[in-house]
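Shown next, in structure tokens, is the structure this report addresses.
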Amino acid sequence: MAALANVPIHLSIKVLYSDNDIIVIEKPCDLRSVPGHATPKSNGSGDDDLDDADSNGESSKANSHAQRLTAQEAWINAIRSFAMKDGPIAGKTTPQKAVPTAEDTQTQAVDELIRNLAATPDTSSVPRKCPTFERYCQRNRKRLLPSFPALDMSSAPAKTNQDEPPLKRQKSSKLNTISSQLCNIAQIAFSIIQQRQRPLMNLPQPTDDTESAIGQLRLLSFGDYAHNNHGPAETVDEVRKRIFEEDERSRRSKNFKLHVVHRLDCQTSGIMVVARNPAAASNLCHQWRERQSVKKFYLAYVRWWPPYHEQNLLEGSIDLPLAPSRTERIKWEVRPMEDGGKASLTSWKVYESSGDTCKKERGSRHSDSDESGVTLELQPITGRTHQLRIHCAAVGSGIEGDSLYGDDPIQWNGDKPDRKQPSNNGLSRPKTLQLHAHKLTFTHPKTGVEMTFVSPKSW
């Protein structure tokens with residue numbers, strides 16, 4: 001786990017199982033499932049930032065949208081911009097050497113390749129995917145690299161997709177055979193163009209690999225992911241070093257690709273499964289859609305649960321349709337199906353109780369000194385966004401630590417069960433969401449064997 005040495009213990013994933021098809025992990029609370037956009041950091045005091053936002057927010061937003069280009073537009077503009085650049089593109093100006101080194105020759109070749117790409121009449125024909133870009137350079141090498149006819153054009157092993165049928169793989173290998181030197185030159189040129197392209201798209205900064213479960217798996221060499229978090233590379237040496245490091249990581253991970261099958265909310269801890277090849281990903285995604293072989297169980301702690309505290313029920317179900325909120329972008333809400341709500345069903349049962357409340361009289365009130373919280377085992381039959389959190393908030397006091405749907409702190413008002421009121425009892429409340437994916441059952445995508453994983457809650 002040396003790769004995660006800089007990650008706090010409470011934010012580090014734990015690998016429960018892995019083979020060539022899947023990885024099962026335990027994700028901690030407050031860790032993203034997948035990479036995303038980093039939160040912008042303030043450069044000044046809070047008050048100054050708020051004043052600037054108030055005075056310039058609308059104009060800044062307008063300028064941001066006006067300057068943002070699509071990926072294709074930014075790619076074309078990035079290539080064309082090199083036509084106007086004086087001096088070396090891929091490196092710094094260095095004294096002329098009597099016998100140039102291999103790296104000098106490579107740098108000069110990258111410069112020539114990019115300049116000739118910029119001179120291409122139709123730059124929209126230049127691919128913006130690296131493997132396709134490499135093949136494009138191979139087909140057009142006489143036009144793009146006329147000064148380097150002596151480059152070693154000995155073929156490197158072709159990159160093939162092992163999931164393809166044998167005949168298609170054999171045909172693909174013949175078409176994709178590229179010399180090792182040209183492949184390296186094309187990769188460096190692609191990275192330099194890509195660095196010029198990104199600012200034109202005005203995209204948010206991506207998160208670091210340590211900040212997501214998938215990113216940490218990548219650092220542990222379980223596979224690569226289509227999310228690059230490297231910063232801008234100003235010189236060819238920096239690009240060359242990064243490409244070498246990525247190749248080494250890919251070699252150690254045996255070219256496995258990490259495919260997201262399902263996600264957990266950032267605040268939710270528990271078990272996740274990740275696929276390592278397209279075939280496994282397709283199979284698992286089908287299982288998640290059909291909901292036949294996949295069984296998910298969560299543990300959630302609530303302070304007040306009327307079906308249990310007032311009716312002495314130990315299990316039941318919640319059938320409340322849900323739909324995206326019309327007023328808050330990230331939230332969902334309970335809404336009748338005739339008004340656009342989607343069927344949402346959750347089964348629940350009491351998993352653990354803090355007090356022997358079953359012996360209390362039916363309809364008893366929840367007092368300030370009552371510590372009769374209950375841990376529920378929840379099984380989502382459907383898979384709506386925030387389904388468990390909304391259902392718990394609609395029936396009881398909401399899941400503890402839920403700042404999005406729960407009242408913090410709250411107390412159930414016994415006189416009117418359909419209302420919740422803030423509590424002033426001063427009881428300390430957890431700052432983290434007490435929702436844990438503690439049990440997951442699914443069928444292995446290759447062997448067909450049913451697998452079950454259990455993770456104990458940490459609270």
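At full extension, residue 198 and residue 17 could sit 61.5 nm farther apart than now, given 0.36 nm per residue minus the alpha carbon distance.
Across the alpha-carbon set of the stretch 294-355, the Rg to Rh ratio works out to 1.05, Rh being the Kirkwood radius. FRET efficiency for the residue 71 to residue 379 pair, using the beta carbon distance and R₀ = 30 Å, is estimated at 0.15. Amide H to amide H, with H built 1.01 Å from N, residue 269 comes under 5 Å of 435, 437, counting only residues 5 or more places away or on other chains. For the pairs 257/457; 27/295; 296/331; 27/129, note any where the Cα-Cα span goes beyond 24 Å. Over 24 Å apart, Cα to Cα: 257/457; 27/129. Residues whose amide H comes within less than 5 Å of that of residue 333, counting only those at least five positions distant or on another chain, are 323, 325 (H built at 1.01 Å from N in the peptide plane). In the complete set of protein chains, residue-level accessible area for residue 454 is approximately 100 Å², probe 1.4 angstrom. Charged neighbours of residue 273, selected by a Cβ distance under 14 Å, balance to +4 (K, R count +1; D, E count -1).
Here the calculated FRET efficiency for residue 452 and residue 124, from their Cβ-Cβ distance with R0 = 45 Å, stands at 0.30, rounded to the nearest 0.05.
The values are calculated or read from the model by the stated rules, or taken from the named source; none is laboratory data. Remember, predicted model here, so these are calculated numbers, not experimental data. Using ideal geometry, Cβ is built from the backbone for each residue, glycine included, and neighbour counts are taken over all protein chains shown. Remember, those area values only see protein heavy atoms, side chains included, never the ligands or the DNA or RNA. Shrake-Rupley method; radii C 1.70, N 1.55, O 1.52, S 1.80 Å.
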